[in-house]
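The values are calculated or read from the model by the stated rules, or taken from the named source; none is laboratory data. The structure displayed is predicted, hence computed values, not measured ones. Backbone-built Cβ (ideal geometry, glycine too); neighbour counts: all protein chains shown. For accessibility, only protein heavy atoms count, side chains too; no ligands or nucleic acids. Shrake-Rupley method; radii C 1.70, N 1.55, O 1.52, S 1.80 Å.
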Amino acid sequence: GGTPAWFLLGGDPLGRDVFSRLAYGSRLSLAVAAVATLLAIVAGALAGAVAGYAGGLVDRVIMSVADFVVILPAAYVVVTLRSAMPLHLSDVTVFWTIALVLAAASWPIPARGVRAIIAAERTQTYAESAYAAGAGPLRILLRHLLPAARSHLGMQAFLLFPAFVLAEATLS
């Protein structure tokens, strides 16, 4: 008798693997967190890149919107938006709604860092050389400047993912 040695978290009274049941039960939370992280990183990278590259009025408007989103308590926003929705929704609708709301509440975090990196890098010689060689703004931004923000975006994803798992579990 007993629990087999290969059950990482042991077995339940019926002899089933607790780890596999935990992994199966957490797949929805992990999927919501992964999608929300991806959306927040992409939206933040785009907003920060545009703000950092354009500067001036465009930068001030985007960063003002980001500041407004940051000062809102995210948990209250998420709970309020969920409570404004109908009680009975399909699983797919709930999945995408929660992922979009979490991403919408968190995109300013990566956007601020990307903006600072792009604003600093656009004055570097390699970016000015690309402009002098005839590269357009989109090419300079995507090919030359945005790769400088890769490590920042990776770290933000690393920090946002567990926060989104916790937020999704709280909403559930």
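In a Debye calculation with equal point scatterers on the alpha-carbon sites of region 1-102 and no solvent, what is log10 I(q)/I(0) at q = 0.14, 0.16 Å⁻¹? Here the Debye-derived log intensity ratios amount to -0.76, -0.86. Legend: residues R112, R82, sorted from most to least accessible area (1.4 Å probe; ligands, DNA and RNA excluded), read R112, R82. Surface composition of region 1-52: carbon plus sulfur atoms hold 72% of the accessible area, using a 1.4 angstrom probe and ignoring ligands, DNA and RNA. When every Cα-Cα distance of the chain is counted in 5 angstrom steps from zero, the calculated P(r) takes the values 1, 8, 14, 15, 14, 11, 10, 9, 6, 4, 3, 2, 1, 1, 0, 0 percent. Per-residue 3J(HN,Hα) values for region 84-93, derived from phi via the Karplus relation 6.51 cos²θ - 1.76 cosθ + 1.60 with θ = phi - 60°, read 7, 8, x, 5, 9, 10, 5, 4, 5, 5 Hz in sequence order (x marks Gly and Pro).
Solvent-accessible surface (1.4 Å probe) assigned to W96 amounts to roughly 120 Å².
Looking at region 1-68, the trypsin sites (Lys or Arg not before Pro) that sit in a DSSP loop and have at most 16 other Cβ atoms within 10 Å of their own Cβ are R16. Projection of the Cα convex hull of region 18-75, averaged over all directions and equal to a quarter of that hull's surface, yields 5.1 nm². Region 152-172 and region 55-115 have Cα centres spaced 13 Å apart.
Between A157 and L89, what's the calculated FRET efficiency when r is the beta-carbon distance and R0 is 30 Å? Round to 0.05. Don't skip to the end; give the middle numbers.
Working: r = 28 Å, r/R0 = 0.92.
About 0.65, to the nearest 0.05.
About the centre of its Cα atoms, the chain shows a dipole size close to 220 debye [charges on the beta carbon of Lys, Arg (+1) and Asp, Glu (-1) only; nearest 20 debye]. How far is helix 56-71 tilted off the main Cα axis of the chain, in degrees rounded to 10, range 0 to 90? Computed tilt is about 20 degrees.
Across the chain, C-alpha contacts under 8 Å between residues 6 or more apart give a mean separation that, scaled by the residue count, equals a relative contact order of 32 percent.
Counting only protein chains, not ligands or nucleic acids, how are H144, H152 ordered by accessible area (probe 1.4 Å), most first? Write down the numbers at each step before the final one.
On the way: H144 60, H152 40 Å².
If we order H144, H152 from most to least accessible, we get H144, H152.
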